[in-house]
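To start, the structure itself, in structure tokens.
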Amino acid sequence: METQQNPPKKEQIPEEIVQLSPKRERFCQEYIIDLNETQAAIRSGYSEKTAGQQGARLFKDVNIKARIDQLLAERAKRCEVRQDDVIAELKRLGFSDMRNLAEWNSVQVKLKDSSELSDSDAACVESVSQTVSKDGGSLSIKLHSKTKSLELLARHLGILHDKVDLTSKGKPLAPPIFQVVDDKTKALGEQLVAGGGRESQTPDAAPSPDGK
């Protein structure tokens, strides 16, 4: 006789608010703004020099992760927006094509009538502006940032991970260095190069009696 197995239960987010210290609660609140561990740690009051390490350490904490899950679920419920909706919109903006909105050649540029645009193409437009002058004026159209949309999409998909270079040995930190993860992700963004920890410093040895 075959036995019917029950489907696995979905992980439930606890209804009771996870209690954290004020500073850790601030980290959770800041993290859900941009899903950036390092920046969340800085805005929470942690030192910029160790924010990368502190953010990674905090994010591994079970209670902090549970609280972040609660905050994300609460926000999604308030906005009535699912994670799939956000990813679909980022994909739409990230892979937008100007050729669907305008036509151009070596002589002129012509914008398509807005009534002819699909809802998907129209959603990619950030602004349209026109100036009029005695010389004829100008007409321009601007799309939402493809680079930023792809970056956010890559973060949500786990392709990009922020890391901080802490090997400056007391000198000002250099601008972030970027490295392509692999050929397949060239179109999706760049990944910060992993940084090592600070080297430990030892006090100078006391001079010997003979001055050497």
Worksheet item: Within region 22-54, how many residues are of a type in the set (Val, Ile, Thr) and more than 27 Å from Leu90 (Cα to Cα)?
Response: 1
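Just wondering, is there one or more residues in region 71-89 that are in a helix (DSSP H, G or I) and within 18 Å of Pro22 (Cα to Cα)?
So far as region 71-89 goes, yes, one or more of its residues are in a helix (DSSP H, G or I) and within 18 Å of Pro22 (Cα to Cα).
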Discussion item. Against the condition over 23 Å from Ala40 (Cα atoms), at pLDDT 90 or above and surrounded by 15 or more Cβ atoms within 10 Å (Cβ to Cβ), how does Asp97 come out, does it pass?
Written reply: no
Fill in: Which listed residue, of Val132, Val81, is at pLDDT 85 or above, surrounded by fewer than 16 Cβ atoms within 10 Å (Cβ to Cβ) and not aromatic (Phe, Trp, Tyr)
Val132
Worksheet item: For region 136-143, does any single residue satisfy the condition of being within 21 Å of the chain's Cα centre (by Cα), surrounded by 12 or more Cβ atoms within 10 Å (Cβ to Cβ) and over 30 Å from Lys23 (Cα atoms)?
Response: yes
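The values are calculated or read from the model by the stated rules, or taken from the named source; none is laboratory data. Predicted, not measured: the structure shown is a model, and the values here were computed from it. Every residue, glycine as well, gets a Cβ built from its backbone with ideal geometry; the counts of neighbours run over all protein chains shown.
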